[in-house]
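*Asks:* Sharing a structure, written as structure tokens. Questions coming.
What follows is calculated from the coordinates using simple rules that are stated; it is not laboratory data. Remember, it's a predicted structure, so these values are computed and weren't measured experimentally. Quick reminder, even Gly has a Cβ in these numbers, built from the backbone with ideal geometry, and neighbours come from all protein chains shown.
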Number of protein chains: 2
Amino acid sequence: MQVAIVLYPGFTSMDVIGPYEVFGRLPDTDVVFVAERPGLVVNDLRSLSINAVAGLADVPSPDMVLIGGGPGQAGQMADGNLHEWLRTVDRTSAWTTSVCTGSLILAAAGVLKGRRATTHWAMLENLAEFGVTPSKERVVIDGHYVTGAGVSAGIDMALTLAGLIAGDDMAQTVQLIIEYAPQPPYHVGSLDTAPPEVVENAWRVMSA
Amino acid sequence: MQVAIVLYPGFTSMDVIGPYEVFGRLPDTDVVFVAERPGLVVNDLRSLSINAVAGLADVPSPDMVLIGGGPGQAGQMADGNLHEWLRTVDRTSAWTTSVCTGSLILAAAGVLKGRRATTHWAMLENLAEFGVTPSKERVVIDGHYVTGAGVSAGIDMALTLAGLIAGDDMAQTVQLIIEYAPQPPYHVGSLDTAPPEVVENAWRVMSA
């Protein structure tokens, strides 16, 4: 199985590294980091660069495609090479997946039309602009589309999908290897549980 | 605050990216990825390279140092430049931290002697060889040493430490921004909950 993980300037690193750590451990799986052109791609915080070893054209038919989100998503909403590539690979992919606002890019490319999907809580309603039904679930599976909510939700998305692809035994083995028994120090990680002042702070920080 | 995140060949990416995503969002914080020499550093799965923008000698006194784990940890246990650097920066750092088997490198460098610490479940007892008291907790704070358990535990470690550094309000804001309200698909992420066959599979996969 070939998994193509799409990078673009301003991506949020955990969006892609969470699922990478899961998918990269499945048997007979090759992960390739792709970008419009091969080379270093700088993230949203501008202090991390990941090497894209392939350009989009070098990976014409991955079995799975994953696109993450981040502030840079806003720069990937216009039709062009990336959208065309997403539409093309989606026709033959077994799974087309996203984390966070990556789903907005899939939506803008047109591939999620008529589907249910999720994204980062701050952008959830924006999915509707593209004919996509927003869902507040952390992981949404609709056909061969699998979308995760914001940033850290990619881990849950990937383990859920790993179970479908490689079986519960293998997904559980990966979950134990990455010691994923989370103990968040606060109970504020979603809109349902965060107090209003934390939500307000988050909006302020994200808009800065 | 300057945070130095140490890379070495064969690192596990989520070990460092989890905490990076948290620390990188704290106010007035600069994160620098360092390695023995600047340049691309390849991870354990050999399909990801992160760019180390600085060599160890370029970052002589970070306020925080973080070292992750991974199979490559075994190659970093001998005394040498990295250990010398760790001992030196630890003398002035506000926080010396690790995720997963990164704590074994700190231990081998001698800085954790007499302290309590944690690491990946598979290697927990190895800490004792270096005069460190192993703890099964997911996050251990002892003095200015903060260690996290395996791989994904770095997120919990970093949010806990972010609360101490920047206050609960800021740590909670970051937790909401990264939508960290985990919903693991299985209840098998630690030795306490994983059934014996999953533990056996994990050992087999990790030894392959």
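*Asks:* Could you please find all residues in region B:158-208 being facing chain A (nearest Cβ under 8 Å), loosely packed, with under 15 Cβ neighbours inside 10 Å and hydroxyl-bearing (Ser, Thr, Tyr)?
*Replies:* The one that is facing chain A (nearest Cβ under 8 Å), loosely packed, with under 15 Cβ neighbours inside 10 Å and hydroxyl-bearing (Ser, Thr, Tyr): B:Thr193.
Residue by residue, here is whether (1) in contact (Cβ under 8 Å) with a residue 24 or more places away in the chain; (2) of a type in the set (A, V, I, L, M, F, W, C); (3) touching a helix residue (DSSP H, G or I) at 6+ places or on another chain (Cβ under 8 Å) holds:
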| site | (1), (2), (3) |
| --- | --- |
| A:Ser93 | yes, no, no |
| A:Cys100 | yes, yes, yes |
| A:Ser103 | yes, no, yes |
| A:Gly110 | yes, no, yes |
| A:Arg115 | yes, no, no |
| A:Leu127 | yes, yes, yes |
| A:Phe130 | yes, yes, yes |
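*Asks:* Can I ask one more? How many of the residues making up region B:27-43 are under 18 Å from A:Ser13 (Cα atoms) and of a type outside the set (Val, Ile, Thr)?
*Replies:* Residues that pass the stated criteria total 4.
*Asks:* From the list B:Arg46, B:Arg37, pick out the single residue that is in a loop (DSSP other than H, G, I, E, B), basic (Lys, Arg) and touching a Gly at 6+ places or on another chain (Cβ under 7 Å).
*Replies:* B:Arg37
*Asks:* To continue, here is another question. Taking the criterion of being more than 17 Å from B:Leu45 (Cβ to Cβ), touching a strand residue (DSSP E or B) at 6+ places or on another chain (Cβ under 6 Å) and in a helix (DSSP H, G or I), would at least one residue in region A:11-24 satisfy it?
*Replies:* yes
*Asks:* Considering region B:1-10 alone, what residues qualify as being under 15 Å from B:Pro62 (Cα atoms) and either aromatic (Phe, Trp, Tyr) or not in a loop (DSSP other than H, G, I, E, B) (or both)?
*Replies:* Of everything in region B:1-10, those that are under 15 Å from B:Pro62 (Cα atoms) and either aromatic (Phe, Trp, Tyr) or not in a loop (DSSP other than H, G, I, E, B) (or both) turn out to be B:Gln2, B:Val3, B:Ala4, B:Ile5, B:Val6.
*Asks:* Considering B:Val6, B:Val22, which residue is more than 10 Å from chain A (Cβ to nearest Cβ) and buried (at least 18 other Cβ atoms within 10 Å of the Cβ)?
*Replies:* Sole residue among the options that is more than 10 Å from chain A (Cβ to nearest Cβ) and buried (at least 18 other Cβ atoms within 10 Å of the Cβ): B:Val6.
*Asks:* Among the residues of region A:109-117, is any farther than 24 Å from A:Leu56 by Cβ and in contact with a strand residue (DSSP E or B) (Cβ under 9 Å, 6 or more places away or on another chain)?
*Replies:* Among the residues of region A:109-117, at least one is farther than 24 Å from A:Leu56 by Cβ and in contact with a strand residue (DSSP E or B) (Cβ under 9 Å, 6 or more places away or on another chain), which makes the answer yes.
*Asks:* Okay, moving on. Hey, among A:Trp95, A:Trp85, which residue is away from every other protein chain (no Cβ under 14 Å), surrounded by 19 or more Cβ atoms within 10 Å (Cβ to Cβ), closer than 30 Å to B:His120 by Cβ and not β-branched (Val, Ile, Thr)?
*Replies:* Just a single option satisfies the conditions, and that option is A:Trp95.
*Asks:* A further question on this structure: Considering region B:25-54 alone, what residues qualify as being surrounded by 18 or more Cβ atoms within 10 Å (Cβ to Cβ) and closer than 21 Å to B:Thr147 by Cα?
*Replies:* Selection gives B:Arg25, B:Leu26, B:Thr29, B:Val31, B:Phe33, B:Val34, B:Ala35, B:Asn43, B:Asp44.
*Asks:* Being within 15 Å of A:Pro182 (Cβ to Cβ) and among the polar types (S, T, N, Q) is the filter here; which residues of region B:148-190 pass it?
*Replies:* B:Ser152, B:Thr160, B:Gln175, B:Gln183, B:Ser190 - these are the residues of region B:148-190 that are within 15 Å of A:Pro182 (Cβ to Cβ) and among the polar types (S, T, N, Q).
*Asks:* Shifting gears a bit: Given the criteria out of contact with any Cys (no Cβ under 7 Å at 6 or more places or on another chain), farther than 20 Å from A:Ser190 by Cα and without any contact (Cβ under 8 Å) to a residue 60 or more places away in the chain, does B:Pro195 qualify?
*Replies:* Considered against the rule, which asks whether it is out of contact with any Cys (no Cβ under 7 Å at 6 or more places or on another chain), farther than 20 Å from A:Ser190 by Cα and without any contact (Cβ under 8 Å) to a residue 60 or more places away in the chain, B:Pro195 comes out as yes.
*Asks:* Pick from region A:57-73 the residues that are outside any loop (DSSP other than H, G, I, E, B) and in contact (Cβ under 8 Å) with a residue 40 or more places away in the chain: which of them is farthest from A:Leu45 (Cα to Cα)?
*Replies:* It comes out as A:Met64.
*Asks:* Would you tally the residues in region B:33-77 being within 14 Å of another protein chain (Cβ to nearest Cβ), closer than 23 Å to B:Asp156 by Cβ and among the β-branched types (Val, Ile, Thr)?
*Replies:* Within region B:33-77, residues that are within 14 Å of another protein chain (Cβ to nearest Cβ), closer than 23 Å to B:Asp156 by Cβ and among the β-branched types (Val, Ile, Thr) number 1.
*Asks:* Would you check which residues across region B:98-114 are in a loop (DSSP other than H, G, I, E, B), away from every other protein chain (no Cβ under 14 Å) and buried (at least 21 other Cβ atoms within 10 Å of the Cβ) and list them?
*Replies:* The answer is B:Val111, B:Leu112.
*Asks:* Restricting the search to region B:166-208, which residues are among the hydroxyl-bearing types (Ser, Thr, Tyr), touching a helix residue (DSSP H, G or I) at 6+ places or on another chain (Cβ under 7 Å) and closer than 19 Å to B:Gly150 by Cα?
*Replies:* If the condition is that a residue be among the hydroxyl-bearing types (Ser, Thr, Tyr), touching a helix residue (DSSP H, G or I) at 6+ places or on another chain (Cβ under 7 Å) and closer than 19 Å to B:Gly150 by Cα, then B:Tyr180, B:Tyr186, B:Ser190 are the ones that fit.
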